[in-house]
Every structure is written in C-alpha cells, then in structure tokens.
Amino acid sequence: MPPSNPGRLSPAAAVRIVWALFAVGLAIAILMLVRSQSGGDQLNLLARGWLLAAEGKWISYGNPMSTGGKAPGGITSVLVGLPLMVWRDHRAPSVLILLFHVFAYWLLDGTLKRILTPFERVLLAVLYWLNPWQLYFAAFLWNPNYLFLFGAVHLWSALAQRERARFWPSFLHAAGLALAFQIHASFLLLAVASVLLWLRRFFRVHWGGAILGGVLASLPLIPWALELRAHPAILTGADKGFLGRGLIFVFPLVRGLLYWLRYASLAFSDRMADFDFSDVFGSDRWLGPGLNAANTTVFSLTLLIPLLANLRLWRGVRRRWSEKLAPGSTDRDWLKGYARISFLALAIVFALSPTTVMMWQGLIVLHAAILPVILWLGSLSRTRFAPRVVKGTWIYAAAEIALLVAMAFGNPQYRCGGRMHRRDFTFPLRYDHPMLHELKIQQTCPWPVNQPDGWWPDVLPGAVNSPMRATSR
C-alpha cells in the first residue's frame, strides 16, 4: 500500500512505486502494440519503409502534410525501414516507437529526480508515463508518435546548460530539432521555446556543438532538396490557410491552448475515446457508448486540475516576466520557467498556424504541460491536504490504467472490426500488393482490395501482381 503521508515517502519507496507503475504501463503498451492496426497514415509510412527494406529504394520525403505537399527529408523512411529489415511485420516500426517513449520517460525521470521530491517523482510516473495521451501514441506507427523523445531531449539538454554551455547537450539539442523538423511540423513548438529560453538565459549554447549537431542531423535533407529540384510537386500544394489564422479567427488558438490543459487530464480527443467492445463481448450496448459519453462529461471535469495548476504557476509572474532568469534561481524555479515558456511558445505557434490546430500538434510539449500539475500537487502534498492528494493520485492512476486497457481492446487503432467511426480504417484499396502480405497487414486485419475507385499509398507502385488475394473486411 502507498504511504498515507506523501511528505514522508522515502526515495527507496518512491523507486519501488515508480518501477511498479512503469511495469504496468509497459505491459499495457505491449498489449496495444500487439493489437495495433494500420490505417491510411500507417500504410503511407509502411510503404516508405518497405521500399527501403525490400528494394533498397530510399524515399527522400515524408508523408503528405495537412497543409499540403510532403514532409521534408527522408528520415521517416529510415525510422520505418530499419525495423522492417529486422522483422517483416507492420508492427515492427511500432517497437522502435515504444522504445522512444521508454527512453523519453527514463530521460525525464533521470533528469528530474534530483529536483523533484520522492512523491513528485511518483507523480511524474502517473502524469507522464501512465498518461493515456502518452501511452496511446506509444504503440502504433505515426509521425507524431516519435516526437515524445525529442521533447524529453529538449528539456534535458536545456537544463544541462543552465549554468554553462556544453558541447554534447548543445549537439543533441540542435540535432533533435533538426530531426524533429523532418518528422513533423510541430517541431516549431520546441524551436520557438529554445529561442525564448536562450533569450531569457535559461540555458547557454555551445555554438560549435549546436552547429555540428544541426548540420549532421540535416544531411537527410540533401536528397530531399535534390528531389525537390527535380520534382517541385512534392512541395506544391502547401498553401492551405494563411499565417496568423489563429489570431484572426481566435477559435483555432483557443483550441490549441485547451490542448495544453487536456494533455495533463483525462479529457481525451474523439480519436482516443471512440470505444466499441463488440469484438470482445459479442455486442456492446452500454460500455462503449457509456465511456464515449463519459469523455465529454465526467472525464472533462479533470481539466480543473491542470487549470488550477497553471493559474498557480502564473500567479505573481507579471511583474517580473520581463526579467531574465535570476542567477540565484533554483532548479525548481527553472522548471516553472521552462513550463511557462513552453506554453508561450505553444501560444505563438498556434496563433500563427495557417490551419486549425489538431490534437496531435502539441504532443511534442506534453512533458512540459504536466510540469505545472506535478509542482502544484507536490506542494499540496506538503500541507494538510496531503492525505487527499495521495488518495486522489491513486484514484487517478487507477482510472488511467482502466482507460488504457479499454483503449487496448475498444479503440479502432487497436481492434479489427466492430463499429468503425474512423474512415481511414474502412475505405477500400485500389490494388493488392505483396507489401500487404509480407508485412502481415492482411493477416492481421484484411483490407478490401482491387477496388478501382479505392485509395492507394502515395509512393507504393500499384500495378504489381500479388501472390495472394485478400478478402474484404
């Protein structure tokens, strides 16, 4: 049983609890990975990796972007292709993604354990590692799912240089930004945060290390630049919306700011909360619909926790916001400032975003979004409210675990069949192809194929005879 007084939680007891929570979360993530499905975005990525692994063909640009055109750089082909060289299965790249998430948590825990109290370290395990916003995206293939590690590296490398510039932290800080740029456009959240942190002297930069890291990580952009010169169409079409759309229409900006709060709560997006357990129970008249309804009612109440935590974080800041980080500031002061600046970077990027903000576009700063809650609950754990904080923490952790298990069996991303609300798991494919069978996509959950009006991955050749014909689902 957890101790009744969190203020007396020993470091050794905290370690045992943290490892137990980690083991539970990892077991659920592995279950999710085994059950993960491949939708349209996954097929686009798998096509790039399969062409590299099976035919040695490197696609120098990434997936189609929501703003139009293709993502710059061929790093996604490498990230997807290398695991497929080891294991020819559509879930192989997800193993690497899960490892990225594990390393991200270990890095955050190792970095912050010298700053946080033992109970706050437990809160980090509950609010980050067991966070459904984190583990849901840890077990299937998708561009944003790689970004959690880059967020952790960003915090670690900045904190490592709060007193003096160091070569390797600067190298990895810049390399992380350059690689994240090639994976997803939301790297801008970290890039803007880095500029603000540097201007306010939250960290120093070793320019030699930063330049070398940025240059080496940008090498995959050279083939992309050559491809762009030969085929400008991979960039054309990136003209949707206009700069500053969030400021003009307000709603896109407000929506983005709300995600900052939702990442530290149980108020999930519709994508995450689309439950259907008919595949498990034969029919699902009340559990799935009940959880779907609870997401917009009961679960939304948990937004009060990050809201109050962020209000406390910003209390009294106005009068000293224009000042740089004071030389005698503690590491806890630094963490609070890091969270504030990350929020400000998110507000700036989402205000300028040419398109409506979607739930995955802020995941790269989830590690920063939970800091206000950890610091606030940690301070409450040292007051007369300690018993309530402890009890609430364990209730919250139990709710996270239950919801994660529900996602593993009831979410479209982790089940085949049932009530499919998401179109990207139901539309037909124009052709059949060996990749669909070699990567066990058709064996796991068969797609309808050979439909003349169907969809097809943008880089995969279509006129290929398949050794097998798949059945429709």
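The values are calculated or read from the model by the stated rules, or taken from the named source; none is laboratory data. All values derive from a computational prediction rather than experimental measurement. Because the Cβ atoms are built from the backbone with ideal geometry, glycine has one as well, and the counts that use them run over all protein chains shown.
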What's the number of the condition W198 fails, among (1) surrounded by 14 or more Cβ atoms within 10 Å (Cβ to Cβ); (2) free of Cβ contacts under 8 Å to residues at least 24 places away in the same chain; (3) over 21 Å from G151 (Cα atoms)?
-> (3)
Only listed residue being surrounded by fewer than 17 Cβ atoms within 10 Å (Cβ to Cβ) and not β-branched (V, I, T), chosen from L141, L219, L159 | L219
Taking segment 82-97 and keeping residues surrounded by 21 or more Cβ atoms within 10 Å (Cβ to Cβ) and not in a loop (DSSP other than H, G, I, E, B) leaves P83, L84, A92, P93, S94, I97
Can you tell me which residue within segment 45-63, out of those that are crowded, with 18+ Cβ neighbours inside 10 Å and modelled with pLDDT under 95, is nearest to F409 (Cα to Cα)?
-> N63
Report, by residue number, each residue of segment 237-291 that is exposed (fewer than 14 other Cβ atoms within 10 Å of the Cβ) and of a type in the set (S, T, N, Q).
-> S283
Within segment 165-174, residues being surrounded by fewer than 23 Cβ atoms within 10 Å (Cβ to Cβ) and either modelled with pLDDT under 95 or more than 21 Å from P327 (Cβ to Cβ) (or both) number 4
